[in-house]
Amino acid sequence: MDEKNNVSVARSAARCRLPRLCFVSYRQIREFALPVLAEYAGRAEIEAIDGTFGGALAIAQERLRDGAVDAFVSAGSNASILRSGLQAPVATIQLGGFDILQALIKARRIANRVGVVMYGQTIPALDAVKELLNIEITQYAYRTPDDARQRFDALRRDGFHVIVGSSLVVELAQEAGLHGLLAYSLASIRQGFEDAIELARVARLEAGRYEQLNGVLHNLQEAVLAVDRAHCITALNPAMQQLLGAGAAPLLGRPLQEVQPALSLQATLDSGQEERAAVLRLAQRDWVVNRTPIREQGEIVGAALTLFDARDIQEADTSLRMQQRRRQGSARHGFASLVGASPAFMRAVQTARRFAATDLTVLIAGESGVGKELFAQAIHNEGARAGRPFVAVNCASFPETLLESELFGYEEGAFTGARRGGRRGLFEAAHTGTVFLDEIGDMPLPLQSRLLRVLQEREITRLGASAAIPVDVRIIAATHQPLREMVEQGRFRQDLYYRINKLRLPLPALRERGADVTQMAAAFMARSLHALGSALPATEVLAPLLPLLAAYHWPGNVRELENLCERSAVFLAQFDTPAAIVYDELRHDCPELFGDAREGLALPAGPGSLRLRRAQEALRACGGNRAEAARRLGISRSTLWRWLLQPTGETDSPAP
């Protein structure tokens, strides 16, 4: 019997240690997610609640007040509302491109006209899917339930019978007797719960560490003394005795003003007001001082003074900032993540490595999509601030007032809607680390003045505050704009330009790195095919496209190359073998590769003469060099010779 009780107690203890998750959703997505809830029953305590918009926030706030949850899981509008209204971890069930694609494939089986209504914003990539699926798609985005109903009604009036969208949209479709298909997949829901479990684990760890640190600072004070109403010492601990250089007995009963005037508590006795976090210099050390009145039955009968060693508090502050990196952001990429071997690219890498050895401000210049943030992260991770916060902000993505509060933070009541208790800005969050200011050329002129002060004085002032806060950050800025010309036009401050242009790192455009296109395209294609579950060999299926990639001018640079490889992978993944691929049809998905400048570059039209055409194309691209052509095709020279001798009517078998 005792053994059974022990097992029961052990199971209960283990269950108490499980992360507590609250799944706030619409009924449709909750019912759809039931298999996932069952899968995670042994890994977390999950409470599933139906709630929408304001109702969802009220439910979440109630769970937080009751201390019944470690992290929330939600999707779409609910997730957005919870993130903005709660100071708690919220894992978002992300809607991926493949989720939409799967939903559209299901919808295509029902009708060839499909409406899409999603929370937040429309999905431009769906335009490419229309032709791929031979389907008519009309899509809308909504922000409120009323918006969703209006968009849904518009589709219904236009004769759409199949609607793909969020839970709210599916509910509207079902009520109207139409086909409603949820855009999310079980895989995306699983990932949402994985993220929530990790958020809960880290939040619990942070809470435990903070409580321990809080206890050390407030209960095991280093130096403490108390005085009576007459300002005479009534108690002190050994740390205070050591600081004052005397034992307890000679000091007890003596006026504090005589012992050490700098520690005076007379103002506290007179005003009855608590004073916290004052700074004091004593015995050649910096201290943080708390002065507190002591009351009995409402009457002031004395006062207490606590001294904290500033060095310990600085160490504690650093520890807390490090624990909060999950919210502050971190740099994930180093120089090993940068792909390329062209001379222009290697010069940029070598320059960046030199800059990483300093703590000076860096200005990264280059076209959009060349990888400016990757270089910024690599510089951070290679320098002395590695492991510290890396905070990135796009200066072009916020309106002026919002950008100011994001960068500098604000005090409670600084403006209408300001969060209770205020909020620290990104400069404070990045303390001891790096701030990456992307698209700095789009920063409004008033904010440029404030940024200049940060660079000069190394301090910031929150909105609505009067006291400056010192910050220790390195600034890395980036732009695709001609800042020098903007200075001449009065659109960018000259003094700020010279401040951020201490070290300049120009990054080459992809068209200047022709030798790198093949290497990067192979990596992007392999990753995309793997994500699609395709077993096609990336190097082999990419080989016929290499002449087109080499001839393209890449206005979108590396970002465009990555997007084009992902788009091509979606097309290629429909084929089981490389021999079956009809490359000419790819022009519908990737029209930019089939411009006038590349009309002479023929692609294999079908399986019958695929090997011969690929061999001929590779030879043309390599100037007749058979060894290089064989290398690009991933075959031996003898195999290349057999392909060239193959009769045009022979049907290809799978490549060896």
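Bear in mind these aren't lab numbers, they're just calculated from the coordinates by the rules spelled out. Predicted model, so just to flag it, every value in this text is computed and none were measured. When we count neighbours, we look across all protein chains shown, and the Cβ atoms used for this are built from the backbone with ideal geometry, even at glycine.
Could you give me the ³J(HN,Hα) list for region 529-545, computed from phi with Karplus coefficients 6.51, -1.76, 1.60 and θ = phi - 60°, whole Hz, x at Gly and Pro?
Along region 529-545, the couplings run 5, 4, 5, 7, x, 8, 9, 4, x, 4, 4, 6, 6, 7, 3, x, 8 Hz.
Please compute one quarter of the surface area of the Cα convex hull for region 472-524 and express it in square nanometres. Kindly include the intermediate steps, with their values, before the conclusion.
Details: hull surface 23.9 nm².
Convex hull of Cα atoms, orientation-averaged projection: 6.0 nm².
Expressed as a rounded percentage, what relative contact order does region 15-112 have, with Cα pairs under 8 Å and six or more residues apart?
About 28 percent, as a whole number.
Provide the gained length on full extension for the span GLN266 to GLN489, in nm with one decimal, where the gain is 0.36 nm per separating residue minus the Cα-Cα distance. Before the final figure, lay out the partial values.
Details: separation 223, 0.36 × 223 = 80.28 nm, distance 5.95 nm.
Extra length from GLN266 to GLN489 when fully extended: 74.3 nm.
Each residue of region 346-356 in order: what ³J(HN,Hα) in whole Hz does its phi give by Karplus 6.51 cos²θ - 1.76 cosθ + 1.60, θ = phi - 60°, with x for Gly and Pro?
5, 4, 5, 5, 4, 5, 4, 5, 5, 5, 5
Sequence-distant or interchain residues sharing an amide H contact under 5 Å with VAL301, placed H: which?
ILE294, ARG295, GLU296
Over all distinct alpha-carbon pairs, what is the Kirkwood Rh of region 403-552 in angstrom?
19.0 Å
Looking at region 499-593, what % of the alpha carbon pairs are farther apart than 22 Å?
Here the tail beyond 22 Å accounts for 30 percent of pairs.
Collect residues whose amide H, placed 1.01 Å from N in the peptide plane, falls under 5 Å from the amide H of ASP472; neighbours closer than 5 in sequence don't count.
Amide H neighbours of ASP472: THR432.
Classify region 96-198 as rounded, prolate or oblate, taking a ≥ b ≥ c as the square roots of the eigenvalues of its Cα gyration tensor: rounded when a/c is under 1.5, otherwise prolate if a/b is larger than b/c and oblate if not.
Oblate, because a/c is 1.5 or more while a/b does not exceed b/c.
Taking the Cα-to-Cβ direction at ALA550 and at SER368 and moving 7 Å from each Cα, how far apart do the two end points lie in nm?
In this crude label model, ALA550 to SER368 measures out at 3.0 nm.
Could you derive backbone 3J(HN,Hα) for region 77-85 from the dihedral phi with the Karplus parameters 6.51, -1.76 and 1.60 (θ = phi - 60°), listing whole Hz in sequence and x where the residue is Gly or Pro?
Going residue by residue, I get 5, 4, 4, 4, 5, 5, 5, 7, x Hz, with x marking Gly and Pro.
Stokes-Einstein diffusion coefficient for region 139-191 at 20 °C in a medium of 1.002 mPa s, Rh from the Kirkwood formula over Cα pairs: what value in µm²/s?
So the translational diffusion coefficient is about 188 µm²/s.
Can you give me the convex hull volume of the Cα atoms of region 15-168, divided per residue and expressed in Å³?
Hull volume over Cα atoms, normalised by residue count, gives 112 Å³.
Can you list the residues, at least 5 places off or on another chain, whose amide H is less than 5 Å from the amide H of LEU505, using H built in the peptide plane?
For LEU505, the qualifying residues are LEU363, ILE364, ALA365.
Can you compute the charge dipole magnitude of region 32-153 about its Cα centre, using +1 on each Lys and Arg Cβ and -1 on each Asp and Glu Cβ, nothing else charged? Give it in debye, rounded to the nearest 20.
Here the size comes out at about 340 debye.
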